[in-house]
Amino acid sequence: MKHTTATTQQDSTYLRLRQWVTVGKFLPGERLKIHPIAEQLGVGVMPVRAALQRLAAEGALVNVPHSGMLVPRLSLAEFDDVLQTRLLLEGEAAERGAHRLDAAGVAELLALEQKMRDALKVNDAKAYLDANELFHQRLYQAAASPTLLSLIETVWLKVGPLSNKLFEVPASLRVINEAHGDAVMALRLRDSAGVRRAIEKDLFVAGQFLRPFCAG
């Protein structure tokens, strides 16, 4: 029983930290300290250490000798490679998901797009990024392809730490939600190919604002 409890706590700690990386709670170049993270999560240091090691194995973190776990900085070439991969994977998932979404699923995405609009009005980066993640996640989950979703979530780990940087570029705030509006319009029309184009536009536009923050 103790082993099961420990394993469950390790898994839940890993999933929470993975989500933090995905939504940009940690910044590129940031050193992650085990004890403060353990305090935030209300767990011991062992589950946190194990979770960080799993994330390092996935390429989300880098274990630097004598420095501990660091959030990597993507080079321009790495960022462009990740962006092209996202366009392929997420475009496909968006089109499949839009084709399979039921009325309740469409309604949820409409509500999340409204949340993003509201967050931008008050410059609330966390609220925007949380709603944005859920919007994409729900759309892709509707594709009913666990393999595709797993690949997408792994790629998200690469760019999550950069995502908060969007809010450092005032020009981005005027346009970053436009593609979500296009997507919900296409969803209303049951135009799955249109949803794919909107998601690809969303990724590309955000990518142009994030590229200057890459290393080298």
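The values are calculated or read from the model by the stated rules, or taken from the named source; none is laboratory data. Treat the numbers as computed from the prediction; the structure is a model and nothing was measured. Ideal geometry is used to build each Cβ from the backbone, glycine not excepted, and the neighbour counts take in all protein chains shown. Each accessible area value is taken on the protein alone, full model and side chains, heavy atoms only, with ligands, DNA and RNA left out. Shrake-Rupley method; radii C 1.70, N 1.55, O 1.52, S 1.80 Å.
The table below lists the values:
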| quantity | calculated |
| --- | --- |
| Angle in degrees between helix 2-22 and the longest Cα principal axis of the chain, rounded to the nearest 10 | 50 |
| Karplus-derived 3J(HN,Hα), 6.51/-1.76/1.60, for each residue of region 68-76, Hz, glycine and proline x | x, 8, 10, 7, x, 9, 7, 6, 4 |
| Cα gyration tensor shape for region 12-66, rounded if a/c is under 1.5, else prolate or oblate | rounded |
| Solvent-accessible area per residue, Å², over region 89-216 with all protein chains present [probe radius 1.4 Å] | 47 |
| Carbon and sulfur %, accessible surface of region 61-216 computed with the full protein complex present, 1.4 Å | 57 |
| q = 0.16, 0.18 Å⁻¹, the chain: log10 I(q)/I(0) [Debye, one scatterer per Cα] | -1.12, -1.31 |
| For region 45-136, the spread of Cα positions along each principal axis, largest first, Å | 52, 31, 28 |
| Two-site FRET efficiency, Leu88 against Glu30, from Cβ-Cβ distance with R₀ of 25 Å, rounded to 0.05 | 0.30 |
| Per-residue HN-Hα couplings for region 30-45 [Karplus 6.51, -1.76, 1.60; θ = phi - 60°; Hz; x = Gly/Pro] | 6, 8, 8, 9, 4, 5, x, 5, 4, 5, 4, 8, x, 10, x, 6 |
| Residue-averaged 222 nm ellipticity for the chain, from DSSP H runs of 4+ at -39500 (n - 2.57), nearest 500 | -23000 deg cm²/dmol |
| Distance violations [Cα-Cα > 23 Å] among Lys121/Lys201; Lys158/Lys201; Lys121/Lys158; Lys33/Lys115 | Lys121/Lys158; Lys33/Lys115 |
| Solvent exposure ordering (accessible area, 1.4 Å, most first) of Val122, Val205 | Val122, Val205 |
| Anisotropy class of region 121-216 from Cα gyration tensor, a/c 1.5 cut | oblate |
| Part-to-part distance (alpha-carbon centres) for region 165-190 and region 69-132, which is given in Å | 10 |
| Global geometry of region 1-104, whether rounded, prolate or oblate, following the gyration tensor of its Cα atoms and the 1.5 cut on a/c | oblate |
| Calculated from backbone phi, Karplus (6.51, -1.76, 1.60) coupling profile of region 97-112 in Hz, x at Gly/Pro | x, 4, 5, 9, 4, 8, 4, 5, x, 4, 4, 5, 5, 4, 5, 5 |
| Nearest 10 degrees, 0 to 90: helix 178-188 Cα axis against the chain principal axis | 60 |
